[in-house]
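Reading through the structure tokens given below for one structure.
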Amino acid sequence: MSSEETPLGQCPMPLNQVSEILMGHGSGGKLSAQLIENLILPAFRNPELELLDDQAIVSLNGSRLAFTTDSYVITPIFFPGGDIGELAVNGTVNDLAMGGARPLYLSLAFILEEGLPLSDLQRVVESARRAAQCAGVRIVTGDTKVVGKGSGDKVFINTSGIGIVPAGIDLSSARIAPGDAIVLSGTIGDHGIAIMSRREGLEFEGDLRSDTAPLHELAAAALQAAPDIHAMRDPTRGGLAATLVEFAARRHLGIEVDETAIPVRDTVRGACEILGLDPLLVANEGKMVVFVPHQGSERVLDALRRHPLGRDAARIGTVTQEHPGFVILKTPVGGQRVLDLPFAEALPRIC
Amino acid sequence: MKYLDEYRNREIAAALTEQIGRAVTRPWVLMEVCGGQTHSIVRYGIDRMLPPAIELVHGPGCPVCVTSLEMIDRAHAIAQRPGVIFTSFGDMLRVPGSCGDLLTLKGRGADVRVVYSPLDAVRIARENPARKVVFFGIGFETTAPANAMALFQARKLGVKNFSMLVSHVLVPPSIAAILQAPGNRVQAFLGPGHVCAVMGYREYESLSAHYRVPIVITGFEPVDLLEGILMAVRQLEAGRAQVENQYVRAVTREGNCAARNLIFEVFEVGDRKWRGVGAIPKSGYRIAYEYRDHDAERLFEVDEIDTHEPPECISGLILRGLKKPCDCPAFGKRCTPQNPLGATMVSAEGACAAYYQYGRYLDTGNPGDRSAGAGAR
């Protein structure tokens, strides 16, 4: 349905016969995308929002500011490799960094559930403080609200962030072009599998930890090595697949990816095999994908690999003119298939 | 990763493909029985690596797909009862019944929980003595031992608030039904590796002899599948019809005796309706009389629920190897994983869903649902 057909003030739902919010609307899959395209975007359409990047770049008195916001509702709030406080700061820092910005100021707002132990909140605040210090950003404003027991889940956090985009840097998914090399900064699936194994009480052997990390240094290093980078994105919810599928569809270009080139930790692969999940669809919180003109790809790879967060960086694919709108995955045995997003949450399979 | 990488090795796969090419002299139609095998074939593009003379058709072995619509509706009816905690493997959650799926019911307040083992459901029952905890026990012979163990434990420990809605299906009767069907095209089977890990393959020997059809018990990784195809093609070309075991690292002729004994302690063989196929005599397990106090179908009195499938859906023909997903005019258009019309689109391992997920709708010219490509964040 186009926005013109929608009577004023009426909601352009339903989405494919879905008449209420389902968990899948928050999964980063097709339902999430439909919600944004059909309900959110028509209401607020403007040139900045329309790009649907993770941050808006706005010009103000000759400076270009990156502005972003994100909410964090993770269960459990403490997990192997981090907690919700650190995640909330890193996530917003990363959304700014992926726009090529130097992150400067963050807001931090808490929605607290009645009965939350103060010591837990203290731990979350302390970890957010450390993360902010580590990323070189200041928390300059904030808010706290409390909801009754059962109306929330321990702690929800919203962060917004502002950064400044240096002159000469222009990053957007709209700029990717045929021939661009696609470089991934490290292993995928670590965050999602760490959370899932903790949440479901699954005990896997080996060290499963969230990869939550601030990417501003890594992004700056990549940009220094190749200022003509076209786009960067941290593939969080929906995994690497969501980023690739979204870029291919939006720019109506093809993307070819070599599955064997994508680094995945053995422990994560093992857990995914057991659960019947595809690591390409599992969330990350400290990884980035770089779309750079072919001639700059080696420089970007070198720069990433020199940083501890980019040790496992690899070139995983290429943007093409062929099969526009689709991501083609070359499988390890020499076959190929289309990579697509699941409709909603990826669910573990029966066998 | 050991036990995985060597079965996804490009060189070994290429060598097997070449051997298949040398072995084949005329067209053959092979059916892989398991949904897991179908998934692997489409995921890795194996069917497209084969010589054109070999056609793979996709079998009925996706337990989620073939669970009858009545059973799904019964599950939904139980899940909505007050005081019930309804537990299930994850992939049953999105399977649509006549009206919505378990996830939708969850959104409306039903207590639906994903478990990774039926024993977790027994634990939930012990932790919630005031609630009725029901597990949706579906699957082929593969999942039967774990489901049997849950019922066995519940009875032994006296967990009276635990029950199971059982809709187990069996592979050999479905193979017989395919071979007996008019117009059958299948000339050889890649047998179900994990089912046979439990049951052994003696049952398949009589099938193979009776119908003069080669059956190669096959694993699930690309190299397994290619090797299974090679073994089947060699039998066909030589005019042999035997049971052979490609999946020797998991399957023996006798199977797992302890698991089988437990199955027959708790279940008995009965008739079963298959989604898309219809009733097949003696093709399922039901809960044995001694365990009737844990039989959710009896306890919740839902056995009266009866339903009908959309007439447009050709999944019955697909499940018998007579049609391919791309032959269906609704595929990728009116029928998608979001709005499945029938059996083979409802689960990720169903042939239609696998074709859809891995982009095979491109072959049909149907655009599929690409609206969602953008704005995934």
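Laboratory data are not the source of any read-out in this text; all were calculated from the coordinates shown. A quick note: this is a predicted structure, and the numbers were derived from the prediction, not measured. Cβ coordinates were reconstructed from backbone atoms using ideal geometry, including for glycine residues, and neighbour counts include every protein chain displayed.
Only residues that are in a loop (DSSP other than H, G, I, E, B) and within 29 Å of A:PRO214 (Cβ to Cβ): list them for the range A:291-341, please.
Taking the range A:291-341 and keeping what is in a loop (DSSP other than H, G, I, E, B), we get A:307, A:311-313, A:321-326, A:331-335, A:340-341.
A:HIS307, A:ARG311, A:ASP312, A:ALA313, A:LEU341, listed by residue number.
Just to be sure, is A:ASP95 within 14 Å of chain B (Cβ to nearest Cβ), within 28 Å of A:GLU217 (Cα to Cα) and assigned to a helix (DSSP H, G or I)? Taking the combined requirement at face value, the residue satisfies it.
Once the range B:1-47 is narrowed to residues that are within 25 Å of the chain's Cα centre (by Cα) and assigned to a loop (DSSP other than H, G, I, E, B), the residue that is farthest from the other protein chains (Cβ to nearest Cβ) is B:TYR3. Residues in the range B:63-74 that are within 14 Å of chain A (Cβ to nearest Cβ) and within 17 Å of B:TYR285 (Cβ to Cβ): B:PRO63, B:VAL64, B:VAL66, B:THR67. Where helices (runs of 4 or more DSSP H) fall wholly inside the range A:185-272, the ranges with 3 or more residues that are under 15 Å from the mean Cα position of the chain (by Cα) are A:190-199, A:239-251. Taken over the range B:298-336, the criterion of being in a loop (DSSP other than H, G, I, E, B), of a type in the set (Ser, Thr, Tyr) and surrounded by 16 or more Cβ atoms within 10 Å (Cβ to Cβ) is satisfied by B:THR336 alone. When B:SER88 is tested against (1) crowded, with 24+ Cβ neighbours inside 10 Å; (2) away from chain A (no Cβ under 14 Å); (3) among the polar types (S, T, N, Q), just one condition goes unmet, and that condition is (2). Taking the range A:255-289 as the range and being charged (D, E, K, R), within 11 Å of chain B (Cβ to nearest Cβ) and touching a helix residue (DSSP H, G or I) at 6+ places or on another chain (Cβ under 9 Å) as the test, the residues that pass are A:GLU259, A:ARG265, A:ARG269, A:ASP278.
Sort out which residues of the range A:295-337 are within 14 Å of chain B (Cβ to nearest Cβ), touching a residue at least 12 places away in the same chain (Cβ under 8 Å) and of a type in the set (A, V, I, L, M, F, W, C), and write them in order of number. The answer is A:PHE326, A:VAL327, A:ILE328, A:LEU329. Considered as a group, the residues in the range B:48-77 that are among the β-branched types (Val, Ile, Thr) and part of a strand (DSSP E or B) include one that is surrounded by the most Cβ atoms within 10 Å (Cβ to Cβ), and that residue is B:THR67.
Among the residues of the range A:124-135, those identified as surrounded by fewer than 18 Cβ atoms within 10 Å (Cβ to Cβ) and closer than 20 Å to A:ASP211 by Cβ are A:ARG130, A:GLN133, A:CYS134. Number of residues in the range A:18-40 that are more than 9 Å from chain B (Cβ to nearest Cβ), closer than 22 Å to B:ASP91 by Cα and aliphatic (A, V, I, L, M) equals 0.
Please tell me if B:PRO173 is touching a residue at least 24 places away in the same chain (Cβ under 8 Å) and either crowded, with 24+ Cβ neighbours inside 10 Å or within 22 Å of B:PRO118 (Cα to Cα) (or both).
No; evaluated as a whole, the condition is false for this residue.
Of the helices (runs of 4 or more DSSP H) lying entirely inside the range B:143-238, those containing at least 1 residues that are closer than 18 Å to B:HIS58 by Cβ span B:171-180, B:193-199, B:222-238. Considering (1) within 14 Å of another protein chain (Cβ to nearest Cβ); (2) in contact with a strand residue (DSSP E or B) (Cβ under 8 Å, 6 or more places away or on another chain), the lone condition that A:VAL292 does not fulfil carries the number (1).
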